[in-house]
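Peer 1: Sharing a structure with you now.
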Amino acid sequence: MSGFSPMTRELIIERAGQCCERCYRYARGGSIHHRRPRGMGGSRRPETNAASNGVLLCDGPAAADGQGGCHRWVENHRTEALELGLLVPQGHNPRTTPVQLHVGLVYLTDDGMYEHEEPT
Ligand SMILES: [Zn+2]
């Protein structure tokens, strides 16, 4: 269970063009990663399941190409993922935290867009 509503999932997958938003590989079967993790009551806060908190990441097979997929990469490289905005600390709002994706450094909106300007 991802926690994202079907409508929000659709916004994210459409924004991503069905490709992994980190490496741009086709990722229709990928999963939507929570930038700011749920937990500690986080799932009750509205931002948790907003489009700005979700990134479509590929789920590669563990060892087939030695790559493992970007979802696993984020989980295994938490410090780098925090620096890239792929992870957002609990006290921060994913909407106002930029993230480094294949399109560059962007802010994610809650209606499924990339923005280059910091939201006001
Ligand atoms: Zn990927």
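Laboratory data are not the source of any read-out in this text; all were calculated from the coordinates shown. Computed from a prediction, not measured in an experiment: that's the story for all the values here. Every residue, glycine as well, gets a Cβ built from its backbone with ideal geometry; the counts of neighbours run over all protein chains shown.
Peer 1: For a footprinting-style exposure proxy, rank TYR26, TYR114, TYR107 by other Cβ within 10 Å, fewest first.
Peer 2: So the ranking, lowest neighbour count to highest, is TYR26, TYR114, TYR107.
Peer 1: Let me ask you something else. What spacing in nm lies between the two simple spin-label points modelled at TYR26 and GLU14, each 7 Å away from Cα in the Cβ direction?
Peer 2: 2.2 nm
Peer 1: Arrange VAL74, VAL103 by Cβ neighbour counts within 10 Å, fewest through most, would you?
Peer 2: VAL103, VAL74
Peer 1: Can I ask one more? Work through the residues other than ARG78 whose Cβ is under 15 Å from its Cβ and net out their charges, Lys, Arg +1 and Asp, Glu -1.
Peer 2: +1
Peer 1: Return one number: the angle in degrees, 0 to 90 and rounded to the nearest 10, between the long axis of the Cα atoms of helix 6-16 and the longest principal axis of the Cα atoms of the chain.
Peer 2: 60 degrees
Peer 1: Based on Cβ point charges of +1 for Lys and Arg and -1 for Asp and Glu, what charge dipole magnitude is obtained for the stretch 6-110 about its Cα centre, in debye rounded to the nearest 20? Don't skip to the end; give the middle numbers.
Peer 2: Working: 13 positive and 10 negative charges, 54 e Å.
Dipole about the Cα centre, nearest 20: 260 debye.
Peer 1: Once fully extended, how much extra length lies between GLU83 and ASP111, figured as 0.36 nm per residue of separation less the alpha-carbon to alpha-carbon distance?
Peer 2: Details: separation 28, 0.36 × 28 = 10.08 nm, distance 2.42 nm.
Extra length available between GLU83 and ASP111 comes to 7.7 nm.
Peer 1: Check LEU101: other-chain or 5+ apart residues with amide H under 5 Å from its amide H, H built from backbone geometry?
Peer 2: VAL106
Peer 1: Where a ≥ b ≥ c are the square roots of the eigenvalues of the C-alpha gyration tensor, would you call the chain rounded, which needs a/c under 1.5, or, failing that, prolate if a/b is larger than b/c, or oblate?
Peer 2: rounded
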